[in-house]
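Engineer: My structure is below; once you've seen it, I'll send some questions.
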Amino acid sequence: GVCFLSENLRGNTSLQELGLCSNNIGAEGARFLSEALRDNTTLQTLELGGNKIGTEGTRFLSEGLRDNTSLQLLYLRDNNIGDKGVQALSEGLRDNKFLRELDLGTNNIGVEGARFLSEFLRSNTTLQSLDLWDNKIGAEGARFLSEFLRSNTSLQGLRLSKNNIGAEGARYL
């Protein structure tokens with residue numbers, strides 16, 4: 001399955017979009033895709049929503065994203081990534097200058113994940129859209145995210161719906 005797909009993706013020079021949502025790929029499949037991302041130079045969109053990759057799979061993906069020079073949209077909605085997964089992803093994207101859109105909706109991301117994203121976004125100059133819909137950011141997470149808004153000049157869209165930020169969190173934004 002994903003192993004063979006990954007092997008062929010490495011050498012492919014034309015595929016620009018790959019949609020693999022809801023395919024039960026898991027962490028091991030994410031590892032195979034990460035290896036392909038290191039070598040592939042044409043893929044611009046990768047959709048992995050609903051694949052149960054979890055924190056471990058996100059760590060694998062972050063390794064592939066460190067050296068990737070083509071991916072512009074990464075769709076990771078509903079993968080139970082959590083705060084530790086966001087930390088790994090933020091580290092993997094630290095030097096990435098190509099990703100424009102990141103969808104992390106419905107991933108059990110809380111205050112710590114918001115803090116990791118805020119640290120990453122303070123220095124990032126390429127991400128234009130971040131979707132955090134339906135997580136557990138809360139007021140404190142909104143405070144962390146508001147800190148990067150002062151210095152970041154590239155982000156054009158931030159989706160925080162269904163995060164229970166309340167009046168206090170709205171005050172920070």
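The values are calculated or read from the model by the stated rules, or taken from the named source; none is laboratory data. Keep in mind that this is a model prediction, so the values were computed, not measured. Using ideal geometry, Cβ is built from the backbone for each residue, glycine included, and neighbour counts are taken over all protein chains shown. All accessible areas refer to the heavy atoms of the entire protein, side chains included, with ligands and DNA or RNA removed. Shrake-Rupley method; radii C 1.70, N 1.55, O 1.52, S 1.80 Å.
Engineer: Residues that are of a type in the set (A, V, I, L, M, F, W, C), under 23 Å from Gly50 (Cβ atoms) and open to solvent by 10 Å² or more (accessible area, probe 1.4 Å): does the range 110-127 have at least one?
Structural biologist: Going residue by residue through the range 110-127, those that are of a type in the set (A, V, I, L, M, F, W, C) are 111, 114, 116-117, 120-121, 127.
Checking which are under 23 Å from Gly50 (Cβ atoms) leaves us with 114, 116-117, 127.
Imposing the further condition that a residue be open to solvent by 10 Å² or more (accessible area, probe 1.4 Å) reduces the set to 116.
Yes, the range 110-127 contains a residue that is of a type in the set (A, V, I, L, M, F, W, C), under 23 Å from Gly50 (Cβ atoms) and open to solvent by 10 Å² or more (accessible area, probe 1.4 Å).
Engineer: Against the condition β-branched (Val, Ile, Thr) and within 14 Å of the chain's Cα centre (by Cα), how does Thr13 come out, does it pass?
Structural biologist: Details: β-branched (Val, Ile, Thr): yes; within 14 Å of the chain's Cα centre (by Cα): no.
It is false that Thr13 is β-branched (Val, Ile, Thr) and within 14 Å of the chain's Cα centre (by Cα).
Engineer: Another one. Does Asn68 satisfy being crowded, with 22+ Cβ neighbours inside 10 Å, closer than 22 Å to Glu17 by Cβ, of a type outside the set (Gly, Ala, Ser) and over 12 Å from the mean Cα position of the chain (by Cα)?
Structural biologist: So Asn68 passes the test.
Engineer: Quick check on the range 53-61. Is at least one of its residues among the charged types (D, E, K, R) and closer than 18 Å to Glu28 by Cβ? First the steps, then the outcome.
Structural biologist: Filtering the range 53-61 for residues among the charged types (D, E, K, R) gives 56, 59.
Filter once more, so that each one left must be closer than 18 Å to Glu28 by Cβ: 56, 59.
Scanning the range 53-61 turns up at least one residue that is among the charged types (D, E, K, R) and closer than 18 Å to Glu28 by Cβ.
Engineer: Mind checking whether some residue in the range 3-26 is among the aromatic types (Phe, Trp, Tyr) and surrounded by 15 or more Cβ atoms within 10 Å (Cβ to Cβ)?
Structural biologist: Keep residues of the range 3-26 that are among the aromatic types (Phe, Trp, Tyr), which gives 4.
Applying the additional criterion that residues be surrounded by 15 or more Cβ atoms within 10 Å (Cβ to Cβ) yields none.
So far as the range 3-26 goes, no, none of its residues is among the aromatic types (Phe, Trp, Tyr) and surrounded by 15 or more Cβ atoms within 10 Å (Cβ to Cβ).
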